[in-house]
Amino acid sequence: MQNWTSKTYRKEDKIYRGAFNYYRNENIYAEENFDVYRDKKDQSYHYISEAVVKVTTGEILNIHVEYSVNKEYIPTFVLVEKVMGKETTKETYEYNSKRNHLVYKFTSTKNEEFTAEIVTAPKYHISTPIAASSMLFMRSKKFDASGKNSFNILVGFNQWEYKETPFFKNVILERASLTTEKMNIDGQNVQATQFRMYDEGTDFKNIKEPPHVKIFISQHGGIPYMIRTDDGTKIQIKYLNDLTEKE
C-alpha cells in the first residue's frame, strides 16, 4: 500500500490499521483503507489512506493520501493523489517551520504545474478527501469541553486542473456531551465522544438547531468512528485495529 508514498514506512512502526465505508442514503459509494505509523524518534505520526470512489458516471476514482504531523499534531507534509482513468493529479503541502508557511504544489497529467507559498497560523489543519486523518486538528490545542472551539482549516478545490490557491477558513467545534457514549457499529460496542461541527458564519443566536456535522471520535489516534451530515451522507468505521495492544 506504499508504492506511491514519499517514503517507505516500517512495519514495526505501524500502530493502527482500519477501514471506512462511505454511505449516501444507505448505499455505499466509497471505501477507505488506512494505516497509521508512529516514529518513536521524533514522535511524529503518519496516516496513510487509500480510497476507492464510485463516481456517478460509473468510473472509479482512486485517492491516495499521506498525512504527516509532528508531536504537536501540526501537519508537516501532506500528499493527495487522485487517479481516474488516464487522469492523474498530485497535490503536496510541505511545512517550513522557520518561515511559518507551506509550499503548495499542484501537478497534473496535462503537464500543469503550479506552486504557491501559503502563510500559516501557529496551529492549523489541512483538509483532504479522506476520513482517517480528518480530525487530527482537535489534538493540536487545548479543547474547551464546555464551549465552542475555533480551528483554522486550509481547504482547496482543485480537482483535475488548477483553479485557485488553497485558503484558510475557520470551523467551530463543540462537544455534544461531557461523557462518552456507547455506540453499536455492526454488532461491536465501542465508546465514542460526540462533537458537532459548524461553519464559521453559523447564526447561533437566531437558529435553535443550526446545520452541523455530527462526529463520533474514537479513543484511538483521533480517528473517527462515524461522521454524519444532514443530507444523508455517512462515513462509518468498518474496522479499527489497535496494534499497540500487543506491545
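The values are calculated or read from the model by the stated rules, or taken from the named source; none is laboratory data. This one's a predicted model, so the numbers in the text were calculated from it and none came from an experiment. Here the Cβ positions follow ideal geometry from the backbone for every residue, glycine too, while neighbour counts run over all protein chains shown. Heads up: the accessible areas ignore ligands, DNA and RNA and are worked out on the full protein's heavy atoms, side chains in. Shrake-Rupley method; radii C 1.70, N 1.55, O 1.52, S 1.80 Å.
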- Rounded, prolate or oblate: which one fits region 156-236, using the alpha carbon gyration tensor with axes a ≥ b ≥ c (rounded when a/c is under 1.5, else prolate when a/b beats b/c, else oblate)? oblate
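Take the cross-link list Lys141/Lys234; Lys205/Lys234; Lys7/Lys40; Lys40/Lys169; Lys71/Lys98; Lys90/Lys214 and give me the ones stretching past 24 Å between alpha-carbons. Please list the in-between numbers first.
Numbers: Lys141/Lys234 27 Å; Lys205/Lys234 28 Å; Lys7/Lys40 16 Å; Lys40/Lys169 32 Å; Lys71/Lys98 17 Å; Lys90/Lys214 30 Å.
Lys141/Lys234; Lys205/Lys234; Lys40/Lys169; Lys90/Lys214, as the Cα separations exceed 24 Å there.
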- Peptide ranges 198-205, 83-90 listed from the most packed, as the mean C-beta count within 10 angstrom indicates: 83-90, 198-205
- Message: Only four residue types carry charge here, +1 at the Cβ of Lys and Arg and -1 at the Cβ of Asp and Glu. Report the dipole size of region 1-100 about the Cα centre in Debye, rounded to the nearest 20.
- Response: 360 debye
- Message: Normalised radius of gyration for region 87-153, please: alpha carbon Rg relative to 2.2 N^0.38 Å, two decimal places.
- Response: 1.38
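Leaving ligands, DNA and RNA out of it, report the carbon-plus-sulfur percent of the accessible area of region 94-246 at a 1.4 Å probe. The partial results should precede the final answer.
Details: 3880 of 8510 Å².
Reported share for carbon and sulfur atoms: 46 percent.
Between Val119 and Lys71, what is 0.36 nm times their sequence separation minus the Cα-Cα distance? Round to one decimal in nm. Display every interim value, and only then the final one.
Details: separation 48, 0.36 × 48 = 17.28 nm, distance 2.08 nm.
Fully extending the segment from Val119 to Lys71 adds 15.2 nm.
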- Query: For region 32-112, what class follows from the C-alpha gyration tensor (a ≥ b ≥ c being the square roots of its eigenvalues): rounded when a/c is under 1.5, otherwise prolate if a/b is larger than b/c, else oblate?
  - Reply: oblate
- Message: Mean-square fluctuation check for the chain, GNM, Cα pairs under 10 Å: which of Asn25, Asn184, Asn149 is largest?
- Response: Asn184
- Message: So, for the chain, what is the accessible surface per residue at a probe of 1.4 Å, expressed in square angstrom?
- Response: 54 Å²
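For region 1-139, what is the convex hull volume of its Cα atoms per residue in Å³? All intermediate terms of the calculation are to be shown ahead of the outcome.
Details: hull volume 18.0 nm³, N = 139.
For region 1-139, the hull spanned by Cα atoms encloses 130 Å³ per residue.
Which of rounded, prolate, oblate describes the chain, given a ≥ b ≥ c as roots of the alpha-carbon gyration tensor eigenvalues and a/c under 1.5 marking rounded, otherwise prolate only if a/b is larger than b/c? Can you show the working numbers first?
Working: a/c = 1.24, a/b = 1.19, b/c = 1.05.
It is rounded, given that a/c, with a ≥ b ≥ c, falls under 1.5.
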- Query: By DSSP, what percent of the beta bridges with both residues in region 98-247 are antiparallel, rounded to the nearest 5?
  - Reply: 95 percent
- Message: Can you return the aspartates and glutamates within cross-link range of Lys142? Criterion is Cα-Cα under 17 Å, with same-chain partners fewer than 8 residues away left out.
- Response: Glu72, Glu174
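Output the relative contact order of region 47-91, whole-number percent, from Cα pairs under 8 angstrom with separation of 6+ residues.
Working: 81 pairs, mean separation 13.6, N = 45.
With pairs under 8 Å counted, the relative contact order is 30 percent.
Once the mean 1/r over all distinct Cα pairs of region 1-76 is inverted, what Kirkwood radius in angstroms do you read off?
Numbers: mean 1/r = 0.0727 Å⁻¹.
The answer is 13.8 Å.
Mean 1/r over all different Cα pairs, inverted: what Kirkwood radius does region 58-103 give, in Å? Don't skip to the end; give the middle numbers.
Values: mean 1/r = 0.0831 Å⁻¹.
The Cα-based Kirkwood calculation yields 12.0 Å.
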- Message: Cut-off under 21 Å on the C-alpha distance; same-chain residues fewer than 8 positions from Lys86 excluded. Which lysines are left, in chain and number order?
- Response: Lys54, Lys105, Lys110, Lys163
- Message: Please report the spacing between the Cα centers of region 140-175 and region 3-52 in Å, no decimals.
- Response: 21 Å
